[in-house]
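Enquirer: Submitted below is the structure of interest, expressed as structure tokens.
The values are calculated or read from the model by the stated rules, or taken from the named source; none is laboratory data. Here the structure is a predicted model, which means the values were calculated and not measured. All Cβ positions, even for glycine, are placed from backbone atoms using ideal geometry, and neighbour counts span all protein chains on display.
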Amino acid sequence: MSIIETRTSLYEKIYRFSSVESTMEIASSLAKEGAPEGTVVIAEEQTKGRGRAGHYWFSPKGGLYLSLILRPTFSSSYISQLSLMGAVGIVKSIREIALSLPSKIRWPNDVVIKKRKVGGVLSEVKRERNKVSFVIMGIGVNLNIEEFPFPLSLKATSLKKELGYSVPLRDFSPVLLNKIENLYFSFKKNFPSFLEEVRLFSSLIGEQVKIQNEGEELNGQVQNIDEQGNLILRLESGLQKKISPEKGLVIC
């Protein structure tokens with residue numbers, strides 16, 4: 001393990017590991033010990049990676065697994081949209097590294113290429129006395145993974161599988177960290193502009209989808225993503241329904 005001091009306005013320290021159980025767990029422990037905003041944990045492999053709702057995240061060598069400590073001071077109503085911010089960062093990084101790949105956001109926290117998942121974001125919030133103490137933003141990107149276990153192989157891909165060549169971690173991670181830094185500060189200063197990027201990169205607006213929302217399956221057409229990051233779904237009945245990014249899950 002090495003610690004690299006950085007000179008940017010966000011990042012304080014970057015902890016790099018070859019293999020860990022979970023970068024989220026390490027970052028959370030560091031945050032509880034008082035690590036400042038901008039502390040980053042990066043690993044080449046996770047043995048117990050996790051995704052949204054406690055789901056297992058396939059994290060072998062060949063991917064990028066990153067967790068970032070944030071201590072946001074803006075309104076807690078925006079916290080749920082940090083996963084969208086991370087997803088925008090992944091998309092913009094892929095488009096800079098590989099212009100030929102049409103990566104998009106699958107609301108609220110996945111990034112897809114040709115409808116196959118290439119990355120995702122998990123944001124976990126620690127609250128104390130009804131105030132946000134810190135947020136751990138976890139990001140996983142399938143860089144050079146060549147084989148996925150079934151049934152993941154039916155719905156996942158990697159940059160290498162799409163491009164036909166490897167994308168080194170050392171090339172991709174600085175680009176991603178730069179995008180996240182820029183987005184984080186613009187997110188706080190110019191939220192409408194951020195939402196326009198979310199809508200621009202969305203893979204769902206105008207599409208027919210099936211969504212699981214608080215134990216209920218809903219079918220309809222995605223109309224928009226509103227100012228709170230909610231998905232606006234036009235149901236088959238013609239009614240519109242707001243789906244919270246904290247509670248909604250796109251099934252197909």
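Enquirer: Return the only residue of 162, 146, 124 being touching a residue at least 12 places away in the same chain (Cβ under 8 Å), assigned to a loop (DSSP other than H, G, I, E, B) and of a type in the set (D, E, K, R).
Expert: None of the others qualify; the one that does is 146.
Enquirer: Only one of 88, 125 is surrounded by fewer than 20 Cβ atoms within 10 Å (Cβ to Cβ) and either under 21 Å from residue 204 (Cα atoms) or not hydroxyl-bearing (Ser, Thr, Tyr) (or both). Can you tell me which?
Expert: Going through 88, 125 in turn, just one is surrounded by fewer than 20 Cβ atoms within 10 Å (Cβ to Cβ) and either under 21 Å from residue 204 (Cα atoms) or not hydroxyl-bearing (Ser, Thr, Tyr) (or both): 125.
Enquirer: Condition first: touching a residue at least 60 places away in the same chain (Cβ under 8 Å), part of a helix (DSSP H, G or I) and among the hydroxyl-bearing types (Ser, Thr, Tyr). Now tell me which residues in the stretch 62-88 satisfy that.
Expert: Once the filter is applied, which keeps residues that are touching a residue at least 60 places away in the same chain (Cβ under 8 Å), part of a helix (DSSP H, G or I) and among the hydroxyl-bearing types (Ser, Thr, Tyr), the stretch 62-88 yields 77, 78, 80, 83.
Enquirer: With respect to residue 229, determine if the residue is touching a residue at least 40 places away in the same chain (Cβ under 8 Å) and either outside the structural domain of residue 83 (by TED's automatic domain parsing) or not in a helix (DSSP H, G or I) (or both).
Expert: Yes, satisfied.
Enquirer: Among the residues of the stretch 28-50, count how many are surrounded by 19 or more Cβ atoms within 10 Å (Cβ to Cβ) and under 27 Å from residue 187 (Cα atoms).
Expert: Matching residues across the stretch 28-50 total 11.
Enquirer: Looking at (1) at pLDDT below 95; (2) of a type in the set (S, T, N, Q); (3) more than 19 Å from residue 49 (Cβ to Cβ), which is the only condition residue 123 fails?
Expert: Condition not satisfied by residue 123: (3).
Enquirer: Outside any strand (DSSP E or B) and in contact with a Pro (Cβ under 9 Å, 6 or more places away or on another chain) - does that describe any residue in the stretch 210-223?
Expert: no
Enquirer: Among the numbered criteria (1) farther than 17 Å from residue 83 by Cα; (2) of a type in the set (Val, Ile, Thr); (3) touching a helix residue (DSSP H, G or I) at 6+ places or on another chain (Cβ under 8 Å), which one does residue 209 miss?
Expert: Here residue 209 clears every test but (3).
Enquirer: Let me ask something additional. Is it the case, given these coordinates, that residue 104 is in the same structural domain as residue 164 (by TED's automatic domain parsing), under 28 Å from residue 250 (Cα atoms) and in a strand (DSSP E or B)?
Expert: yes
Enquirer: Here is a further query. Which of the residues that make up the stretch 47-61 are under 24 Å from residue 249 (Cβ atoms) and free of Cβ contacts under 8 Å to residues at least 60 places away in the same chain?
Expert: Selection gives 48, 54, 55, 56.
Enquirer: Same structure, new question: Only one of 193, 203, 244 is among the hydroxyl-bearing types (Ser, Thr, Tyr) and under 23 Å from residue 124 (Cβ atoms); which?
Expert: 244
Enquirer: Working only within the stretch 149-159, note down all residues that are in a loop (DSSP other than H, G, I, E, B) and either surrounded by 19 or more Cβ atoms within 10 Å (Cβ to Cβ) or outside the structural domain of residue 44 (by TED's automatic domain parsing) (or both).
Expert: 157, 158, listed by residue number.
Enquirer: Out of the residues in the stretch 25-61 meeting the condition of being at pLDDT below 95 and part of a helix (DSSP H, G or I), tell me which one is farthest from residue 245 (Cα to Cα).
Expert: The extreme case among them is 54.
Enquirer: Based on what the data block shows, is residue 243 surrounded by 17 or more Cβ atoms within 10 Å (Cβ to Cβ) and either more than 16 Å from the chain's Cα centre (by Cα) or not assigned by TED's automatic domain parsing to the domain that holds residue 61 (or both)?
Expert: yes
Enquirer: Against the condition at pLDDT below 95 and either farther than 29 Å from residue 60 by Cβ or touching a Phe, Trp or Tyr at 6+ places or on another chain (Cβ under 9 Å) (or both), how does residue 177 come out, does it pass?
Expert: Against the criterion (at pLDDT below 95 and either farther than 29 Å from residue 60 by Cβ or touching a Phe, Trp or Tyr at 6+ places or on another chain (Cβ under 9 Å) (or both)), residue 177 does not qualify.
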